[in-house]
Amino acid sequence: MSETHGKFIWCELMTPDPKAAAEFYGKVVGWTTSDMTIQDLPPYTIFEANGVGVAGLMDFPAELEGKGIPPNWTGYVAVDDVDQSAKDFAANGGSIRRPPQDIPTVGRFAVVADPHGAVICIMTPLPRDNPAPPAPMGTPGHIGWHELYAGNGAEAFAFYSKLFGWTKDHDFDMGEMGAYTIFAEHGTPVGGIMTKPASMSMAAWGYYFNVPAIDAAIERVKAGGGTVLNGPMEVPGGSWIIQATDPQGAFFCLVAPNR
């Protein structure tokens, strides 16, 4: 297992209105955009923070329409061998939602789901010349946290630990909501796993984007037509978070060091 296996490397939004989404997140998170063109593939937009690509944006695929899948953010995790990792997902109770496929000049990816149905992408990226160094934790515009609302938190952690090599940093007791497991990639805490509340219809991943201050970000969300679902709430360590949906209905979260 390499030093990159099991690391989150990308986040991607599928939406029916990419232009409106680009404008919304540009104002809320501060992203700028650039276009990425690959022959024979649909248009793709890169969200950038200070000139560094941090996430992607694409039109909602026609083949997914009518299947009850809402606009959504999906994370990508690097793996050493995407074909083998996809097989491992299926062999351990998960499923392959889209078989491994090459993206020219980018890498090979697959869409998979864990045993409780939470969808995630895995990718073996092609080597890049002069890749940007990882941004320090909390850098505005970057992905600050990855959170799984699992069918069963303990089972989900065991599953991802086996397949991605994630380790437990510690558990946080949330009382009636159970344990919140902080997991680490190669020793660095990057996310949490919890059993989803009964009100959630399905297991799913959520992604937190870093902003400087949460109250000002809330106003930008509302002004842009988004909806705040939960928060602002202070979390252990002193950060502030909200959970929200964008104008097209995609679920996203924000995290800030200041109120």
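We did not get these values from a lab; they are worked out from the coordinates using the rules stated. None of these values were measured; they are calculated from a predicted model. Cβ: placed from backbone, ideal geometry, glycine included. Neighbour counts: every protein chain shown.
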Could you list the square roots of 5 times each eigenvalue of the Cα gyration tensor of segment 121-259, that is, the equivalent ellipsoid semi-axes, sorted largest first and rounded to whole Å?
24, 21, 15
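Order of 73-85, 32-44 by packing, highest average Cβ count within 10 Å first?
Numbers: 73-85: 19.6, 32-44: 11.4.
Highest mean packing first, the order is 73-85, 32-44.
Grab the alpha carbons of segment 146-212, take their convex hull, and tell me the volume per residue in Å³.
Hull volume over Cα atoms, normalised by residue count, gives 104 Å³.
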Surface/4 estimate of mean projected area, convex hull on alpha-carbon atoms of the chain, nm²
13.2 nm²
Within a Cβ distance under 9 Å of Thr15, other residues only, what is the Lys/Arg minus Asp/Glu net charge?
-3
In the chain, taking the dipole from +1 charges on Lys and Arg beta carbons and -1 charges on Asp and Glu beta carbons about the Cα centre, the listed residue (Pro131, Gly56, Ile241) farthest towards the positive end is Ile241
Surrounding net charge for Asp80, when Lys and Arg each add one and Asp and Glu each subtract one, Cβ distance under 15 Å:
-1
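Could you state the orientation-averaged shadow area of the convex hull built on the Cα atoms of segment 60-175, in nm² to one decimal? Each step should come with its number before you reach the end.
Numbers: hull surface 38.5 nm².
Average of the hull's projected areas for segment 60-175 equals 9.6 nm².
With runs of 4+ DSSP H residues as the only contributors, calculate the mean residue ellipticity of the chain at 222 nm using -39,500 (n - 2.57) per run, divided by the residue total and rounded to the nearest 500.
Numbers: 4 runs with 43 residues, N = 259.
It lands at -5000 deg cm²/dmol.
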For Phe183, the residues 5 or more places away or on another chain with a placed amide H closer than 5 Å to its own amide H are Asp169, Val190, Gly191, Gly192, Ile193
Within 10 Å, count the other beta carbons around each residue, average over each peptide in 86-93, 157-164, and list them highest first.
157-164, 86-93
Amide H neighbours of Val77 under 5 Å, counting only residues 5+ apart in sequence or on other chains, H built in-plane at 1.01 Å?
Ile9, Cys121, Ile122, Met123
